[in-house]
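Heads up, the thing below is written out as structure tokens.
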Amino acid sequence: MDLSIHTTVLPHDDPDAALAFYRDTLGFEVRTDVGSGTMRWITVGPAGQPGTSILLAPPAADPGITDDERRTIVEMMAKGTYGWILLATRDLDSTFQKLQEGDAEVVQEPTEQPYGIRDCAFRDPAGNQIRIRELR
């Protein structure tokens, strides 16, 4: 098999805040923005990597989700335990500084982990955890 990761999905509860964070703070390209109001599906991705995207989607839009499940999703998003993604950079310190200056919520400053990587963590406006590891 020849597989690649094309798109991963993260929830948002405020499409405008999500768009501003991923476009303006992280510097990702906006590839699509469809829907209206809070029911918007926004695809973003790193410049120069058209084959890799993040779909920012309303988390409870699936008609198969019950009201109890919707409440659970909202609670988990508020705690930052629903969605997360791992990113990588060659310059963790300057990336951390730029995100911190962009008012991203810092979860963990750059840290040498006992399992052999150096990384940091932030939360996006919806509470999704974004871990960024340093490529060596």
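When you restrict to C-alpha pairs under 8 Å that are six or more residues apart and normalise by the size of the chain, the relative contact order lands at 24 percent. Rounded to the nearest 10 degrees, the inclination of helix 92-101 to the longest alpha-carbon principal axis of the chain is 50 degrees. Accessible area per residue was computed with a 1.4 Å probe on protein heavy atoms; ILE117 scores about 30 Å².
To the nearest 10 degrees, how steep is helix 67-79 against the longest Cα principal axis of the chain, on a 0 to 90 scale? Helix 67-79 sits at roughly 20 degrees to that axis. Rolling a 1.4 Å probe across all protein chains gives LEU87 an accessible area of roughly 40 Å². When the chymotrypsin sites (Phe, Trp or Tyr not before Pro) in segment 86-129 are filtered for DSSP coil states and for at most 11 other beta-carbon atoms within 10 Å of their beta-carbon, the remaining sites are TYR115.
Segment 69-117: which trypsin sites (Lys or Arg not before Pro) are DSSP loop and have at most 13 other beta-carbon atoms within 10 angstrom?
Qualifying residues, ordered by number: ARG90.
The GluC sites (Glu not before Pro) of segment 25-88 include none that meets both criteria, a DSSP state outside H, G, I, E and B (loop) and at most 15 other C-beta atoms within 10 angstrom of the site's C-beta.
For the chain, the fraction of 1.4 Å probe accessible surface lying on carbon and sulfur atoms is 52 percent. Placing unit charges on the Cβ atoms of the charged side chains and taking the dipole of the chain about its Cα centre, the candidate lying farthest along the positive direction among GLY45, ALA104, THR72 is GLY45.
The values are calculated or read from the model by the stated rules, or taken from the named source; none is laboratory data. Just so it is clear, the structure is predicted and the values come from calculations on it, not from any experiment. All Cβ positions, glycine included, derive from the backbone under ideal geometry; neighbour counts span all protein chains shown. Heads up: the accessible areas ignore ligands, DNA and RNA and are worked out on the full protein's heavy atoms, side chains in. Shrake-Rupley method; radii C 1.70, N 1.55, O 1.52, S 1.80 Å.
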